[in-house]
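This report refers to the structure that appears directly beneath it.
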Amino acid sequence: MKKWHRAAMFVIAVAVLAGFAFIQKQGKKAERFQGQFFDCFDTVTTVTGYAKDKEAFSEKLKMLEEKLLYYHKLYDIYHTYDGINNLKTINDAAGKSPVKVDSEIMELLKLGREMYEKTDGKLQIAYGSVLSLWHEYREQGNEKPKEACLPPQKELEERAAHTDMAQMILDEKASTVYLADPEMSLDVGSIGKGYAVQRLAEYAEEIGMEHVLLSVGGNVSAVGPKADGIPWRVGVENPDTESARQYVCTLDIAGLTVVTSGDYQRYYEVDGKRYCHIIDPDTNMPPEYFSSVSVTARDSGMADALSTALFSTEYEKGAALVESLEGVEAMWIGKDGEIRCSSGFKINEEE
Amino acid sequence: MVKSVVPAGLKSMKKSDVWLIGVLAALALASFGGLSLYSKLGTKEPEAVVYLEGKEQGRYALSEDTKVKISLENGNYNILKIQQGKADMVEASCPDKVCVNHRPVSMQGESLVCLPNQVVVEIENGEEGEVDASVN
């Protein structure tokens, strides 16, 4: 009898210990990790996902970085890379010759043209000549704030004469792009990153990541929900960076993308007035309708394009556009902090 | 009365059995105590960790107000200020000032990034934030 007893107790003890070990191991199976890299699209990329250990996650992170770097190089307008025809190659060949391009450039430019039409010209990828002038003045203004000034109106107009989308000639059969106006240039800052993030999200799924949150400079895309099935929570930054309230609201997303365009991160000041990096193609000036516009959609490229376009579009017209598009919602934050949302924009209630 | 609720099997328990139970219970208690003590030791103070070109340059407790100049070899710099439990980039030589325009940070995993100068300030051991990411 007592032998039986001791044996039973031993078995129980072993079972309990094994149970603990099992729970620990289970816990490890879905451990959450976060990693960053800094070499793509002049911004910070943060990847949040799950892996069995740190090494496994780092391996995936490396793969994602390589993928995004590929897009970064393709859409770069400042640098050339060995063996790659990128946007700089196309810009440099403007007025000279068509350039043979990767299909991912062709696809991006096609999306750019489609969004140009959808947004009534507010999303303008052939606007490089004007954007580069603003870029120059903004950098100088930030370097020497006392001497900060605006680009001369006359020069803006001269540059704007070379932004005709019809002069961007895409030959899909030959896979070539030709800019017929030698003075024109492409700048896909408003769409390239979003398009690349969309592709990156698809790639993440391909390499077996079912629950990932990608944030590329605040361009956020969710592959699935979190590992526990709960949606990812994304904060929409308060444009008033002096305010103690960091987020205007939070959104819960799974398999969706959120992109915000705002005037409070990249800007410079002239005589105490703020001039942001987004330029309205109709006025050649930074728009003054909103502090930020956020867009949620299935496709990150489209969301990126729309958030930029809506930032330059008066509310009524923009709202009508959003309502006409399926699966697209938006939130506008006015200069005075007023918040307006499209009919299906779901924010979390105040807690 | 008491005897009647004790299962018959236990009556035959020997002293050594009682000891075994005692030792097991003590072990369990000790391991739980040890675990919780360990995790308590593991909770360190929130701090701002400064990285320059990916290499750690210094750690500054958020509880102590201070101002740090991060100097690069090429003459560029960033000035980090720690005040009231938050880290804030107050000055930088970079052309875009995105790091300076960023609001102060204090939550776990939040960061201040100056890409032109390759300076990253990251919060460690901070309180868990309410969101998984943010758009700005």
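For region A:94-179, the gyration tensor built on C-alpha atoms gives a prolate shape. Its axis ratio a/c (a ≥ b ≥ c) is at least 1.5, and a/b is the larger of a/b and b/c. List the cysteines in the protein assembly as shown whose Cβ has no other cysteine Cβ under 4.7 Å from it. Unpaired cysteines in the protein assembly as shown: A:Cys40, A:Cys149, A:Cys249, A:Cys276, A:Cys341, B:Cys94. Taking the number of Cβ atoms within 10 Å of each Cβ as an exposure proxy, the fewest-first ranking of A:Asp92, B:Asp132 is A:Asp92, B:Asp132. The residues packed around A:Pro239, meaning those with a beta-carbon under 15 Å from its beta-carbon, carry a net charge of -1 if Lys and Arg are +1 and Asp and Glu are -1. Shielding of peptide A:220-229 by partners, expressed as the average count of other chain Cβ atoms within 10 Å per residue Cβ, is 1.
With one equal scatterer per alpha carbon and no solvent term, the Debye-computed log10 I(q)/I(0) for the protein assembly as shown at 0.06, 0.13 1/Å reads -0.36, -1.31.
Charges were assigned to the Cβ only: +1 to each Lys and Arg, -1 to each Asp and Glu. The resulting dipole of chain A about its Cα centre is roughly 2200 debye.
Phi angles of region A:259-268 translate, via the Karplus equation with coefficients 6.51, -1.76, 1.60 and θ = phi - 60°, into HN-Hα couplings of 10, 10, 10, x, 10, 10, 10, 10, 6, 9 Hz per residue; Gly and Pro are given as x.
Using the Cβ of A:Ile333 as centre and a radius below 12 Å, the other residues enclosed give a net charge of -3, where K and R count +1 and D and E count -1.
In loop segments of region A:230-273 as defined by DSSP, the GluC sites (Glu not before Pro) with at most 11 further C-beta atoms inside 10 Å of their C-beta are A:Glu242. Summarising the amide proton neighbourhood of B:Gln108: residues at separation of 5 or more, or on other chains, whose placed amide H is nearer than 5 Å comprise B:Gly126, B:Glu127, B:Glu128, B:Gly129. Dividing the mean sequence gap of close Cα pairs (under 8 Å, 6+ apart) by how many residues chain A holds gives a relative contact order of 15 percent.
Look at the alpha carbon pairs under 8 Å that are at least 6 residues apart: their mean separation over the length of region A:94-179 gives a relative contact order of 44 percent. Counting neighbouring beta carbons within 10 Å and listing from fewest to most, the residues A:Thr46, A:Thr176, B:Thr66 come out as B:Thr66, A:Thr176, A:Thr46.
Could you tell me which GluC sites (Glu not before Pro) in region A:116-194 are loop residues by DSSP with no more than 13 other beta carbons within 10 angstrom of their beta carbon?
On the way: sites: A:Glu117, A:Glu136, A:Glu139, A:Glu143, A:Glu147, A:Glu155, A:Glu157, A:Glu158, A:Glu172, A:Glu183; in loops: A:Glu172, A:Glu183.
Counting only loop positions with at most 13 other Cβ atoms within 10 Å, the GluC sites (Glu not before Pro) in region A:116-194 are A:Glu172.
When the helices of chain A are scored as -39500 (n - 2.57) per DSSP H run of n ≥ 4 and the total is divided over every residue, the value at 222 nm lands at -12500 deg cm²/dmol.
Taken as Cα centroids, region A:85-125 and region A:321-351 sit 30 Å apart, rounded to the nearest whole angstrom.
Charge tally for B:Gly54 (other residues, Cβ to Cβ under 14 Å; Lys, Arg +1; Asp, Glu -1): -4. Counts of other chain beta carbons within 10 angstrom of each beta carbon in peptide B:120-133 average 4. Database remark: amide H of A:Glu31 closer than 5 angstrom to the amide H of A:Ala51 (H placed geometrically; neighbours at sequence offset of 5 or more, or on other chains; Pro and chain starts carry no H). Look at A:Val177, B:Val113, A:Val197, B:Val23 and count the other Cβ atoms within 10 Å of each Cβ; fewest to most, that gives B:Val23, B:Val113, A:Val177, A:Val197.
Any read-out appearing in this document is the output of simple, stated calculations on the displayed coordinates, not a laboratory observation. Fair warning: this is a prediction, and the values are worked out from it, not measured in the lab. Here Cβ is always computed from backbone atoms with ideal geometry, including for glycine, and neighbour counts include all displayed protein chains.
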